[in-house]
Amino acid sequence: MPTKPKTKPKPNALPEVPRWAALAAHAVPLVVLPSGLWRLALAFGLPVAESSPYLDPSPGEFAYMLGLTALFELLAFLTLGLVRPWGEAFLGRRVNARAATAAALAGTVGLVAAIGWSAYAEFAGLAADDPTVMTTAQQALFLVCYAPLAAWPPLLAAVAVAYYRRRTRRGTGRGTSRGQYGAGRPAESSWV
């Protein structure tokens, strides 16, 4: 009995999405997760720091850390829209490829700026007024949790460029493709 050729499984994505782009898009929420878990551990009083103003957070500080963690994960999750059907048509409306790509690349620039500033401030001693004190083990845990964030901008940029190329290659070249996606091609009148 003939056997089927083995193919590498691809994460849930549109059929025309390259495997590497699907894997990169699915990696983004995972590289953001450890920093969020570290923030939540700090907010809930787990021993991730010797002393910090956030070890016994006020309700506002607690809500801030919870909200920041949720916001980062939501933004990371949006990367999946660049490889999934809801990134091409959302709520019955066609997603403009240029606008989605511009938003993703603007996010990339913002992330690079934020990560760059944080690294500069740390090494230049600008964060010297931060009263958070950590042991060597806690500093190592902090680095292990926050270092993956450096992968977020290049992953997002690569997936955004792949999205733009795929969407504009299929259509007229103006950022609005007219190819098949999802379960089928919508009626001409439903395109926006």
Notebook entry, point to check: Using +1 on the beta carbon of Lys and Arg, -1 on that of Asp and Glu, and nothing else charged, what's the dipole of region 40-165 about the Cα centre, debye to 20?
Noted result: 960
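How do 58-64, 112-118 rank on mean C-beta neighbours within 10 Å, highest first?
112-118, 58-64
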Next item on the list: Write down the accessible area per residue of region 31-86 in Å², having rolled a 1.4 Å probe over the full set of protein chains.
Entry: 50
Next item on the list: Report in % the part of the accessible area of region 24-139 that belongs to carbon and sulfur, leaving out ligands and nucleic acids; probe 1.4 Å.
Entry: 72
Notebook entry, point to check: Ranked from highest to lowest mean number of other Cβ atoms within 10 Å per residue, what is the order of the peptides 140-152, 13-25?
Noted result: 13-25, 140-152
Next item on the list: Tell me the label-point distance for the pair residue 136, residue 122, using the 7 Å Cα-to-Cβ offset, in nm and rounded to one decimal.
Entry: 1.8
Notebook entry, point to check: For region 37-131, what class follows from the C-alpha gyration tensor (a ≥ b ≥ c being the square roots of its eigenvalues): rounded when a/c is under 1.5, otherwise prolate if a/b is larger than b/c, else oblate?
Noted result: oblate
Note to self: Just to confirm a number: summing +1 for Lys and Arg and -1 for Asp and Glu over residues other than residue 46 whose beta-carbon lies under 14 angstrom from that of residue 46, what do you get?
What the structure shows: -1
Notebook entry, point to check: Which FRET efficiency value, to the nearest 0.05, is calculated for residue 31 and residue 109 with the Förster distance at 25 angstrom and r the Cβ-Cβ distance?
Noted result: 0.90
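The values are calculated or read from the model by the stated rules, or taken from the named source; none is laboratory data. Note that the structure is predicted; figures quoted are calculated from it, not measured. With ideal geometry, Cβ positions are generated from the backbone for all residues, glycine too; neighbour counts draw on all protein chains shown. With ligands, DNA and RNA removed, areas are computed over all heavy atoms of the protein, side chains included. Shrake-Rupley method; radii C 1.70, N 1.55, O 1.52, S 1.80 Å.
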